[in-house]
Each structure stands twice: as structure tokens, then as C-alpha cells.
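The next block holds one structure in the form of C-alpha cells; read it before the comments.
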Amino acid sequence: MPRDRAALGTFLRSRRDGLTPAQAGMAAFPGPRRVPGLRKEELAVLAGLSPDYYSRLEQGRQANVSDEVLDALAGALRLDDVEHAHLRDLAAPTRRRVAAAGLPQQADPGLLRLMATLDHVPVLLLGQRGDVLASNALLSAVLGSPFGPGSSLLRWLFLDPGARERVVNWADFAAASVGALRRDAARHPDDRRLRALIDELRAADADVDRWWADHGVRDYASVPKRIQHPVAGPLSFDIEVVAAPHDPDQRLVVYTAPPGSPTARTLPLLASWDVPAPTR
């Protein structure tokens, strides 16, 4: 079974297991239940498919899946927009976009110019696999790590003990990062470096392995981050993400704080300390 078709079946099963007939707005079929959520036959009825066709989908035996079928499944499973897009990626034809894994990713000039105007807040530019393409001095001051070009934000988040100490709501932020990583894996199934990173993180951190097994999927979006700085004390940020218009794999991550908030008043003090120059 091709890996992408196996992943499609596994994702469908995980969403089906997590949705009861009552949540789906239907009466449960009679008879003893052996699954925690919807039966295959129940989901097939909800999506307007034959049970045999749906079984082939979940078993990875259906080579081609139309957009109409995917839309019907997304509606029946109550998928959100990100999950719906993830379902489409998993069901895409076997012709795939092969990631240029051997070539270094070049930072988008427009995002670099935008980053240069935001030196009053922590900012970093992320590329494929969570690799850092650029960052500014305030980011290093806030997170306590230099984040030079080519470093990995995900390896810092999961493998550096300082990340758990510095990020107060580490579990929420880390779980969302695993969901975004799964989204990337569906978009780039031929990226061997991405697959190796996922395997490395799952082997090194039980939380990553558990979240990965849940098959939750997230897109890179605004996620609040609470920081306990060893000198400046508690800092509170909202995280805004700006995507490159011509390269969805590049994202400018901006740490924002409401004007006049304690964090906003503290940032100029952090900026005045002896911190490294911006990296790019």
C-alpha cells in the first residue's frame, strides 16, 4: 500500500473514532458497537457513499478520490478548514511535489525587509521543517537562544530543556507545533529530511510521539506564548504568522503585545541589553 494512501486511511479512521453518532447528528445503527465513534457504515451513509467504497478508502485500496467525495467526507466528519485541506493533501494523486532537500532554502527578500521594520518586537523567519532562516536580537533575548540561520526551532522546542523552562504554556504550544508538522508532512511526503526530523523527535520525546499518534492537524496560526524570563520576569505574547506570497513554506513569526501592556513596556529594556545582532 503506498504510504500516502495508508496515511489517508489512518486519518479517516482517527476522525471517525473521535465522532459519535450523536455528535454527527444521526441515530446510531442498531447492534453492539465495537468502535468508540462512528461505524464505517454510519460514516458512509452520512457522506452519501456505499459502505464498500468507503471501506476501500479506509483500507488504502482506492487509487483516486474525487473532490466531491472528499468534500462529503469532510462535512460528515465535521472537519475544520485545516483538517479538510489536510484530507485533500493525503488524497492527492501519487504524482508529488518533490522537495529540493539538497538545496539550502533562501530567505524571501520581502519578508526580510518586513522583519527589518519590526526590530521593536521579537521576530523570526522560518522555512521548511521549522528551520530558522533569520531572526532578530529581541527573539534571542526573550527565548534565551541565538537561533542562527540553519538552526531548528523544533529541535529547540522539544530537545532543549531550556524551552520547557522558558515557555510557561509549553505543552499547548508544542502540541500545536506537532499538528503543524503533520500538516507539512502531508504536503511534502517525499521530503526525507522532514521524515527524519519527525522520527528523531518522536524517538526523543514521548509527548511528541503521543501527539503524533493522535493524528491531530494544525496550520501555522496565531498561538499565544507565555514566557518566564529569568531577569525580566513574566512576558505575554500573541504570535502572528505572515506567509510568503510565493512560498507557503516560509513564515514570518511575529511576537506581539498590546500597547501599554507590561510586556510592551519591558521590551525596550530587553532591547537595550547587550544582545547579539540580528541573524540572517
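Axis of helix 67-76 versus longest Cα principal axis of the chain: the two differ by about 90°, to the nearest ten degrees. Per residue of the chain, the DSSP helices (runs of n ≥ 4 H) give a summed -39500 (n - 2.57) that works out to -13500 deg cm²/dmol at 222 nm. Taking label positions 7 Å along the Cα-Cβ direction at both GLN23 and VAL35, the computed distance is 1.4 nm, reported to one decimal. The charge dipole of the chain, taken about its Cα centre with unit charges on the Cβ atoms of Lys, Arg (+1), Asp and Glu (-1) only, comes to about 540 debye.
Under a 1.4 angstrom probe, counting protein chains only, how are TYR53, TYR255 ranked by accessible area, largest first?
Numbers: TYR53 45, TYR255 5 Å².
Per-residue accessible area, sorted high to low, gives TYR53, TYR255.
Projecting the Cα atoms of LEU87, PRO104, GLN128 onto the charge dipole of the chain, computed from C-beta unit charges around the Cα centre, puts LEU87 farthest toward the positive end. Helix 262-272 and the longest principal axis of the C-alpha atoms of the chain enclose an angle of approximately 50°. Here the spin labels are modelled as points 7 Å beyond Cα on the Cα-Cβ line, and at ARG56 and GLN228 they lie 5.6 nm apart. Based on protein heavy atoms only, the chain ends up with 48 Å² per residue of surface accessible to a 1.4 Å probe.
Which semi-axes, in whole Å and largest first, does the equivalent ellipsoid of the chain have when worked out from the alpha carbon gyration tensor as the square roots of 5 times its eigenvalues?
Details: eigenvalues 320, 87, 52 Å².
Rounded to whole Å, the semi-axes are 40, 21, 16.
Think of each Lys and Arg Cβ as +1 and each Asp and Glu Cβ as -1; about the Cα centre, that makes the dipole of segment 1-91 roughly 480 debye. Of the residues VAL168, VAL178, VAL231, the one whose Cα sits farthest towards the positive end of the charge dipole of the chain is VAL178 (charges of +1 on Lys and Arg Cβ, -1 on Asp and Glu Cβ, taken about the Cα centre).
Taking the C-alpha atoms only, the angle from helix 3-17 to the longest principal axis of the chain is near 80 degrees.
Work out, step by step, the length gained on full extension between ALA171 and VAL242: first 0.36 nm times the residue separation, then minus their alpha carbon distance; give nm to one decimal.
Values: separation 71, 0.36 × 71 = 25.56 nm, distance 2.32 nm.
Residue separation times 0.36 nm, minus the Cα-Cα distance, leaves 23.2 nm.
Between ASP160 and ALA116, full extension at 0.36 nm per residue minus the direct alpha carbon distance yields a gain of 13.1 nm.
Counting only protein heavy atoms and a probe of 1.4 Å, the accessible surface of segment 165-209 is 44% carbon and sulfur.
The values are calculated or read from the model by the stated rules, or taken from the named source; none is laboratory data. Fair warning: this is a prediction, and the values are worked out from it, not measured in the lab. Cβ sites come from the backbone with ideal geometry, for glycine too, and all protein chains shown count toward neighbours. These area figures cover heavy atoms from the full protein model, side chains too; ligands, DNA and RNA do not enter into them. Shrake-Rupley method; radii C 1.70, N 1.55, O 1.52, S 1.80 Å.
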